[in-house]
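First the structure, in the form of structure tokens, and then the observations on it.
The values are calculated or read from the model by the stated rules, or taken from the named source; none is laboratory data. This structure is a prediction, so every number in the text was calculated from the model and none was measured. Ideal geometry is used to build each Cβ from the backbone, glycine not excepted, and the neighbour counts take in all protein chains shown. Protein only, heavy atoms only, side chains kept; ligands, DNA and RNA dropped before computing areas. Shrake-Rupley method; radii C 1.70, N 1.55, O 1.52, S 1.80 Å.
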Amino acid sequence: MEDCIFCKIVKGEIPCFKVYEDDQVLAFMDINPISPGHTLIIPKNHAANLAEISDEDLAAVHRASKKVMVGIDKALKASGVACVQLNGRGVNQVVMHYHLHLIPKIPGGPDLPVSKWEIIPGDMDEIKTTAENISNALNNG
Ligand code: 5GP
Ligand code: ZN
């Protein structure tokens with residue numbers, strides 16, 4: 001896509017620190033890392049989000065995430081890696097080209113608020129109704 005920053009990275013028009021590439025995906029360092037080793041994995045084909053990406057590209061991104069995560073673990077001795085993927089401006093997606101964040105927790109490194117939320121028991125009736133709404137939406141196309 002013309003003015004998509006990640007498409008420009010795929011085409012080599014903007015540089016990146018590449019860590020992995022195959023026919024379908026590219027993995028490179030995030031230039032505003034939440035923690036050392038923060039890596040992005042993208043499909044080479046443009047798709048804005050999870051709703052748009054093809055099943056094949058989605059599978060390729062997540063297959064690659066397994067390889068890259070093992071590399072991050074090995075290189076950085078991470079104590080854990082959060083995989084985060086944002087869809088839509090409401091959850092602060094900034095770059096509208098599907099990307100999976102791999103964010104390692106490095107011993108002695110910064111805390112990761114993204115993987116640490118308060119556990120507050122929900123209202124079971126509300127949860128049940130929401131589940132039914134989602135299930136109905138799925139079943140009715
Ligand atoms: P989002 O909020 O859309 O999930 O995150 C977009 C991510 O892309 C951010 O973490 C941001 O730092 C990263 N990013 C934005 N522009 C560039 C760029 O030109 N190069 C690289 N490597 N990362 C970028
Ligand atoms: Zn793009």
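Scan segment 72-88 for residues that are within 17 Å of GLY109 (Cβ to Cβ) and more than 12 Å from the chain's Cα centre (by Cα) and report the count.
Residues that pass the stated criteria total 9.
Show the residue pairs that are 6+ apart or on different chains and have beta-carbon atoms under 6 Å apart, the first residue being within segment 89-102 and open to solvent by less than 70 Å² (accessible area, probe 1.4 Å), the second being of a type in the set (Phe, Trp, Tyr).
VAL95/PHE6; HIS97/PHE6
Which one is nearest to the chain's Cα centre (by Cα) among residues in segment 94-121 that are among the aliphatic types (A, V, I, L, M) and within 17 Å of THR39 (Cβ to Cβ)?
If we take residues in segment 94-121 being among the aliphatic types (A, V, I, L, M) and within 17 Å of THR39 (Cβ to Cβ), then LEU100 is nearest to the chain's Cα centre (by Cα).
Determine the pairs where a residue that is of a type outside the set (Asp, Glu), located within segment 4-17, has a partner that is more than 11 Å from ligand 1 (Cβ to nearest atom) with Cβ atoms under 8 Å apart, the partner being 6 or more residues away or on another chain.
CYS4/HIS46; PHE6/HIS46; CYS7/MET1; CYS7/HIS46; VAL10/LYS44
Out of the residues in segment 29-57 that are buried (at least 18 other Cβ atoms within 10 Å of the Cβ) and among the β-branched types (Val, Ile, Thr), state the one that is farthest from GLY71 (Cα to Cα).
The selected residue is ILE53.
Checking LEU102 against (1) within 16 Å of ligand 1 (Cβ to nearest atom); (2) on the phi > 0 side of the Ramachandran plot, which test does it fail?
(2) is the only condition that LEU102 fails.
Filter segment 60-87 down to the residues that are within 16 Å of ligand 2 (Cβ to nearest atom) and in contact (Cβ under 8 Å) with a residue 24 or more places away in the chain and list them by number. Lay out the reasoning, then the answer.
In the first step, residues of segment 60-87 are kept if they are within 16 Å of ligand 2 (Cβ to nearest atom); the result is 60-61, 85-87.
Scanning segment 60-87 gives ALA60, VAL61, GLN85, ASN87.
Please verify whether TYR98 is in contact with a helix residue (DSSP H, G or I) (Cβ under 6 Å, 6 or more places away or on another chain) and among the hydroxyl-bearing types (Ser, Thr, Tyr), treating the condition exactly as stated.
It is false that TYR98 is in contact with a helix residue (DSSP H, G or I) (Cβ under 6 Å, 6 or more places away or on another chain) and among the hydroxyl-bearing types (Ser, Thr, Tyr).
All but one of (1) within 16 Å of ligand 2 (Cβ to nearest atom); (2) under 16 Å from the mean Cα position of the chain (by Cα) hold for ILE9; state the number of the condition that does not hold.
Looking at each condition in turn, ILE9 falls short on (2).
Restricting attention to segment 3-27, report how many residues are in contact with a helix residue (DSSP H, G or I) (Cβ under 7 Å, 6 or more places away or on another chain) and either near ligand 1 (Cβ under 8 Å from one of its atoms) or of a type in the set (A, V, I, L, M) (or both).
6
Do the conditions hold for MET69, that is, is it of a type in the set (A, V, I, L, M) and open to solvent by 60 Å² or more (accessible area, probe 1.4 Å)?
When the stated conditions are applied, MET69 passes them.
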